Amino acid sequence: LHLGLGAGWQEREHHNYSWDLLDVNGRFARFEEGLQIISHLLQNDEPLDFDGKYYQLHEAVLLPRPQRPDGPPILIGGNGPKRTLPLVAEYATEWNGVYIPPQTFTERSALLDELLEENGRQPSDVRRSLMTGLIFGKDQADFDAKMAQRTVTANELRQRGLVVGTGSELVDQ
């Protein structure tokens, strides 16, 4: 069991739970408050008093306690170097990059290493994963047939973070 969290961006999800879809700054501020609360409740037996802009708690406790002493691993998804990755470095045990090209994933992973060290953590403390799409052709003819259904080129899809091509092309990516 992993607890997957993010700042949120889908209008439908916000509507389903009767949450206001705030601007990006508001969503991240609310997300950071939530991470502070969740981390405390998962890792501490002491009641929590919290008076934030988005959440207010008085003597809040989490019962029953998680089986793991520090609670379930926390996965944070997103790509932002200024907001998301610093939160990953502070709170997460896994970072999930979302639809970014492999080169960008590698660059963000290196930045995450630096942020982790600034937070007194090791790069190995945070697992890395990537949510992406795949369009695979067993050979060039098969790949071309699959791409014929698309309105964008393979390179445009790669720029959007998808992995596309034949077997040998996928290895290169």
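Here, each number is a calculation from the coordinates, and none is a lab measurement. Nothing here was measured: the structure is a model prediction, and the numbers come from that model. All Cβ positions, glycine included, derive from the backbone under ideal geometry; neighbour counts span all protein chains shown.
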message = Less than 9 Å Cβ to Cβ from residue 81, Lys/Arg counted +1 and Asp/Glu -1: what total charge do the surrounding residues give?
response = +2
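When 171, 98, 24, 164 are ordered from fewest to most other Cβ atoms inside 10 Å of their Cβ, what list results?
Least crowded to most crowded, the residues run 171, 24, 98, 164.
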message = What does the net charge come to around residue 139 if you take all other residues with beta carbon closer than 15 Å to its beta carbon, with K and R at +1 and D and E at -1?
response = -1
message = If I model a spin label as a point 7 Å beyond the Cα along the Cα-Cβ vector, how far apart are those points for residue 141 and residue 44 in nm?
response = 6.6 nm
request  = Return the aspartates and glutamates within reach of residue 53: Cα separation strictly under 12 angstrom, same-chain partners fewer than 8 residues apart disregarded; answer none if there are no such residues.
outcome  = 32, 33
task = Would you mind putting 129-141, 56-68 in packing order, based on average other-beta-carbon counts within 10 Å, highest first?
result = 129-141, 56-68
inquiry  = Need one number: nm distance between label points at residue 63 and residue 131, each 7 Å from Cα along Cα→Cβ, rounded to one decimal.
reply    = 3.4 nm
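For a Förster distance of 41 Å, can you work out the FRET efficiency between the beta-carbons of residue 168 and residue 51, rounded to the nearest 0.05?
0.10
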remark   = Expected sort for 55, 91 with the fewest Cβ neighbours (10 Å cutoff) up front is 55, 91
inquiry  = Please compute the modelled spin-label separation between residue 98 and residue 9, points set 7 Å along Cα→Cβ, answer in nm with one decimal.
reply    = 0.5 nm
note = In Å, the Kirkwood estimate of hydrodynamic radius for region 104-163 over Cα pairs equals 14.0 Å
remark   = Taking only the alpha-carbon atoms of region 21-122, the convex hull volume per residue, in cubic angstrom, is 126 Å³
